[in-house]
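A short write-up of the structure that comes next.
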Amino acid sequence: DQQVKQNSPSLSVQEGRISILNCDYTNSMFDYFLWYKKYPAEGPTFLISISSIKDKNEDGRFTVFLNKSAKHLSLHIVPSQPGDSAVYFCAVPTSGTYKYIFGTGTRLKVLA
Amino acid sequence: NAGVTQTPKFQVLKTGQSMTLQCAQDMNHEYMSWYRQDPGMGLRLIHYSVGAGITDQGEVPNGYNVSRSTTEDFPLRLLSAAPSQTSVYFCASVGAGGVDTQYFGPGTRLTVL
């Protein structure tokens, strides 16, 4: 049973518009969440994170929102740029360890 | 500072062959791990190590062995390759800065015929 789910395998957005990527989790004990970005033929790279004591974290064009009651987080990219085209994974480090559980990923395509 | 390096980038094996995927990091990170990425499955943890001489199983360890004789190196061994092990393999290490500081290698694409 997947503990971290990304239900949208792909998303296409026009350049300059907002991209919203979603992630759901099942375990209410999860207390920290990360987003990774992955380009083809490269390893994932850390993008942004959020602790469960917050409901929002912002870094430039990237904002992550956390809704603990719904067990849902989302990544907003505003404005979207063609260079943002990549696969985005949400991930959770299991409590007290560096054992990460990854979602299945969402492929974002930003159209010029 | 090369970060996390993996060799080879590509490999084709026949069923039953064995091989070792190499991983090295030059950041003096204690924690290292191996993941496999399959379509529709995300990244799944195979094995991990919290330091030299210490390894443990992740979510999908069957068919793989690891060892950690030095801080820098964390090789992954396929004992008898099977087509189900066709995947992209990523090695990663985590720095002292905590869970945000996980760095991945570029990956090894393995095909088992």
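The values are calculated or read from the model by the stated rules, or taken from the named source; none is laboratory data. Worth saying up front: this structure is predicted, and the values here are computed from it rather than measured. As a convention, Cβ positions derive from the backbone with ideal geometry for all residues, glycine included, and neighbour counts pool all protein chains shown. Please note that ligands, DNA and RNA were not included when accessible areas were found on the heavy atoms of the full protein model with its side chains. Shrake-Rupley method; radii C 1.70, N 1.55, O 1.52, S 1.80 Å.
Laid out as a table, the results:
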{"quantity": "Qualifying residue in region B:32-46 (condition: over 25 Å from residue A:103 (Cα atoms) and either within 12 Å of chain A (Cβ to nearest Cβ) or hydrophobic (A, V, I, L, M, F, W, C) (or both))", "calculated": "no"}
{"quantity": "Residue match in region B:17-31 (condition: touching a His at 6+ places or on another chain (Cβ under 6 Å), modelled with pLDDT of 95 or more and among the hydroxyl-bearing types (Ser, Thr, Tyr))", "calculated": "no"}
{"quantity": "Candidate set from region B:89-108 (those that are more than 9 Å from every other protein chain (Cβ to nearest Cβ) and surrounded by fewer than 20 Cβ atoms within 10 Å (Cβ to Cβ)); member that is nearest to residue B:36 (Cα to Cα)", "calculated": "B:95"}
{"quantity": "Test for residue B:63: is it on the phi > 0 side of the Ramachandran plot, in contact with a strand residue (DSSP E or B) (Cβ under 8 Å, 6 or more places away or on another chain) and more than 9 Å from chain A (Cβ to nearest Cβ)", "calculated": "yes"}
{"quantity": "Any hit, region B:86-103, residues being assigned to a strand (DSSP E or B) and acidic (Asp, Glu)", "calculated": "no"}
{"quantity": "Pairs with Cβ under 6 Å, 6+ apart, first in region B:38-52 and touching a residue at least 40 places away in the same chain (Cβ under 8 Å) and among the hydroxyl-bearing types (Ser, Thr, Tyr), second surrounded by fewer than 23 Cβ atoms within 10 Å (Cβ to Cβ) and in a loop (DSSP other than H, G, I, E, B)", "calculated": "none"}
{"quantity": "Some residue of region A:36-47 being at pLDDT below 95, within 11 Å of another protein chain (Cβ to nearest Cβ) and more than 27 Å from residue B:23 (Cβ to Cβ)", "calculated": "no"}
{"quantity": "Qualifying residue in region B:32-43 (condition: over 28 Å from residue A:6 (Cα atoms) and open to solvent by 30 Å² or more (accessible area, probe 1.4 Å))", "calculated": "no"}
{"quantity": "Region A:16-38 - residue that is under 14 Å from residue A:108 (Cα atoms) and open to solvent by 50 Å² or more (accessible area, probe 1.4 Å) and, of those, farthest from the chain's Cα centre (by Cα)", "calculated": "A:17"}
{"quantity": "Verdict on residue B:75 being farther than 27 Å from residue A:49 by Cα, within 14 Å of another protein chain (Cβ to nearest Cβ), open to solvent by less than 50 Å² (accessible area, probe 1.4 Å) and not aromatic (Phe, Trp, Tyr)", "calculated": "no"}
{"quantity": "Of all residues making up region B:49-70, the number that are open to solvent by 30 Å² or more (accessible area, probe 1.4 Å) and not hydrophobic (A, V, I, L, M, F, W, C)", "calculated": "11"}
{"quantity": "Output for region A:58-86, where each listed residue is within 14 Å of chain B (Cβ to nearest Cβ) and surrounded by fewer than 21 Cβ atoms within 10 Å (Cβ to Cβ)", "calculated": "A:59, A:62"}
{"quantity": "Residues being open to solvent by 40 Å² or more (accessible area, probe 1.4 Å), part of a strand (DSSP E or B) and touching a Pro at 6+ places or on another chain (Cβ under 7 Å) - total across region B:4-23", "calculated": "2"}
